[in-house]
Structures are given as structure tokens and as C-alpha cells.
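I have placed the structure first, in the form of C-alpha cells, so that the comments after it can refer back to it.
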Amino acid sequence: MASGTTPLTPVSELWVSATEVTSTQYDWYPEPDSGAVGWPEAWDVVRAVKCPSCRKFVAEEDEEVENPEWQQLKDQAPDEEPDVEEFVEVEAGACANPECDRFTEEADPSDTEVAPMMNYYYKLPNHHTFGPSDARKLEGLPLCIVTFGRGQGALEDEQALALTGGGMDLSWEICEAFMRLGFLPPAAFARVPAMAGKPRGPVDLWVLEGVERTGEVIRTQGERLIAFPDEMLTSAPRYRVIGDSDARAKESTLYGVGHGAYDKPEWTVPPTLTQDEARAKAIELNREYAEQDQ
Ligand SMILES: [Zn+2]
């Protein structure tokens, strides 16, 4: 599948905030008599508008484009100043392609045929609002950006990605779409299938690099979670190890933090204990206290 033409963001610069995104079921086209609102009140697509004639993206903002006529006249008579303007003002939303027969003519955004197809969405993190320039980054991918509207409860003003095609495993495309919008791929879609000749080419390798990074992020999160109970038992609530080196640990005290509200058990770390041993002792004593509180 053809992919976007924007440069590939280095994987190290991608946000980690979409790694836990999953798919959510959503009925884009409710039955008219169901009472539920649909397009365009309930949701609308963020469109990347193209000129209907040359199929190039229209100008995103007002810009000045070199007038090809001026150049033509200058080539014919280099010593004369041509009788036309050298630059042409192109307004936002108009064709900026001087070779096109609709040059400087506005394109109708509603002619941009892109709409959700499958009854799912993939929520976009909301620390950023995605606009038409982001929609352009999805060029060639079977996904579009949707903004939810009124009557959508917690979804109102939120944005999501939605598939504009279906029928096969589109994990590669979903991962690529998230990465093109600046995120590491969601873990739920990261097991991209070996199919249709993939992996092939630099974009697929970029996606695989993103998948690897997502795996590393999840591993780090997992390691932190595994270490958490011991950390808690080392530092709270009764016995705590003071000191961050062996030398200090040997001089320090394991002490209770009740400050009068509890018995204040104190236990001086014998100088024969290392930091790790003092830590293990704190865990053991705190476990005992937790069990006694039952
Ligand atoms: Zn055009």
C-alpha cells in the first residue's frame, strides 16, 4: 500500500502516550429511526482537501506562487519586463499548482471522499489537536482522523483514528498511522502480520523499529511494577531503611514512621549487614506488621 510522503520521524522522538490504545466499537451510521445522531453532528472527518482536477493538496494557508506565465514571457523576451505579475496570490483552500487548470480556484472540502467504514475507532491521546496537516500525513493509508461532536458524552471534542477500508488485517497500517501522527505504535496492533510481501522497504522497517520501542516501554513499565511491592515494603509504613550506600546503611536505623500513633519499633542495622540485607530485613519486618494488622 502506498504510504504518506512526509518524512519519517525518528522513533526516539515518538510519544509513548498511545501504546495502550485498543479498538472501541462504535456505530458510525446509526439507523435513522434509532434516535442516535450520526454524521455530521456526532462526528466529522478531519479532511486533507485535494484539488478535484490535479488531485494535489490545496494550499494550507495563503501563499504566493510563482506565475508560470511570467516565466514564459521572460524566457521569450529576457530584456523586457513581462506584462503579468511575477507572483500569484493563492488563498488557503485553493489549488496552488500553477500547471493545473483550476490553479487558484478553491476546492470544496465536502468533495473529499473519506469516511469511517468499519465500526471501530482507535482513540487518539488528547494532549494535541489534530488538524488538516495531520490528515495529510495519512495520505495513502486506509485511516482517517475523526473528531467527535455533540451528544457524545465523554467523547465530545475527542479525536480518534478510524478505518476507511477493511477486509484484511490492517495492523501494519494502524501502527504506521499512529507513528505518522507522532506516536509509538499501540501494543494491541504491534504484532504486525507477515503478509502481502511485508516487511518490505524503509517504511515497514520504521514500523518494526517502533514496535520494538513499544515493547521496551512495556518491559520498563512491567519491571517497575514488579519492583513496586518490595519498594513499598522497604520504605513504608513501619520499618524504613535510611541510607543509600552500604556505609550509610550500616550506620542507619530501620525505624517506624508512626510517630506516637503507633508503637515506634526501632531496629538498628547491625554493621555486618549490607544495604541489600538491610532492605530485605525491612521487607520482612513490614510483611510481619502487615499480617498482624489483619
Ligand atoms: Zn489543481
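No value in this document is a laboratory result; all are computed from the given coordinates. A quick note: this is a predicted structure, and the numbers were derived from the prediction, not measured. Counting neighbours? That spans all protein chains shown, and the Cβs are built from the backbone with ideal geometry, glycine included.
Where nothing but the Cβ of Lys and Arg (+1) and of Asp and Glu (-1) is charged, how large is the charge dipole of the stretch 63-109 around its Cα centre, in debye to the nearest 20?
It comes to approximately 160 debye.
For the chain, compute Rh as the Kirkwood radius over C-alpha pairs and then the Stokes-Einstein diffusion coefficient at 20 °C and 1.002 mPa s; write the answer in µm²/s, rounded to an integer.
The diffusion coefficient I find is 88 µm²/s.
Residue farthest toward the positive end of the dipole of the chain, with Cβ of Lys/Arg at +1 and Asp/Glu at -1: which of Ser34, Gln71, Cys175?
Cys175
In the chain, with Lys and Arg counted as +1 and Asp and Glu as -1 at Cβ, which of these residues, Gln292, Trp15, Ala188, has the Cα nearest the positive end of the dipole, that is, farthest along it?
Gln292
Restricting attention to the alpha-carbon atoms of the stretch 63-109, what are Rg (one decimal) and Dmax (integer), both in Å?
12.3, 43
Compute the relative contact order of the chain as a whole-number percentage, counting only Cα pairs closer than 8 Å that sit 6 or more residues apart in sequence.
Working: 491 pairs, mean separation 53.0, N = 294.
Computed over the chain, the figure is 18 percent.
Among the helices of the chain (complete DSSP H runs), which have Cα atoms covering no less than 18 Å along the helix axis and a Kyte-Doolittle mean of at least -0.5?
201-235
Residue by residue through the stretch 183-200, what is 3J(HN,Hα) from phi via Karplus (6.51 cos²θ - 1.76 cosθ + 1.60, θ = phi - 60°)? Round to whole Hz and write x for glycine and proline.
So the J values, rounded to whole Hz, are 10, 5, x, x, 4, 4, 10, 6, 7, 5, x, 7, 7, 6, x, 7, x, 8.
Each residue of the stretch 6-23 in order: what ³J(HN,Hα) in whole Hz does its phi give by Karplus 6.51 cos²θ - 1.76 cosθ + 1.60, θ = phi - 60°, with x for Gly and Pro?
6, x, 7, 5, x, 4, 5, 9, 7, 6, 8, 6, 10, 5, 9, 5, 10, 8
Would you mind pulling out the separation of the Cα centroids of the stretch 160-207 and the stretch 86-157, in Å?
20
Determine the dipole magnitude for the chain: charges of +1 sit on the beta-carbon of Lys and Arg, -1 on that of Asp and Glu, nothing else is charged, the reference point is the Cα centre, and the result goes in debye to the nearest 20.
Details: 25 positive and 56 negative charges, 501 e Å.
With Lys and Arg at +1 and Asp and Glu at -1, about 2400 debye.
Return, ordered by residue number, the residues of the stretch 61-88 whose backbone nitrogen is under 17 Å from a label point located 7 Å along Cα→Cβ of Glu106.
Hits in the stretch 61-88 for Glu106 at 17 Å: 61-63.
Could you pull out every residue, at least 5 positions away or on a different chain, whose amide H is within less than 5 Å of the one on Leu124? Hs are placed 1.01 Å off N in the peptide plane, and Pro or chain starts have none.
Gln159, Ala160, Leu161
For the chain, which cysteines have no second Cys with its Cβ under 4.7 Å from theirs?
Among the cysteines of the chain, those whose Cβ sits 4.7 Å or more from every other are Cys144, Cys175.
Count the net charge of all other residues whose Cβ sits under 11 Å from the Cβ of Ser110, scoring Lys and Arg as +1 and Asp and Glu as -1.
-3
222 nm [θ] for the chain, helices only, -39500 (n - 2.57) per DSSP H run of 4+, per residue, to 500?
Values: 6 runs with 84 residues, N = 294.
It lands at -9000 deg cm²/dmol.
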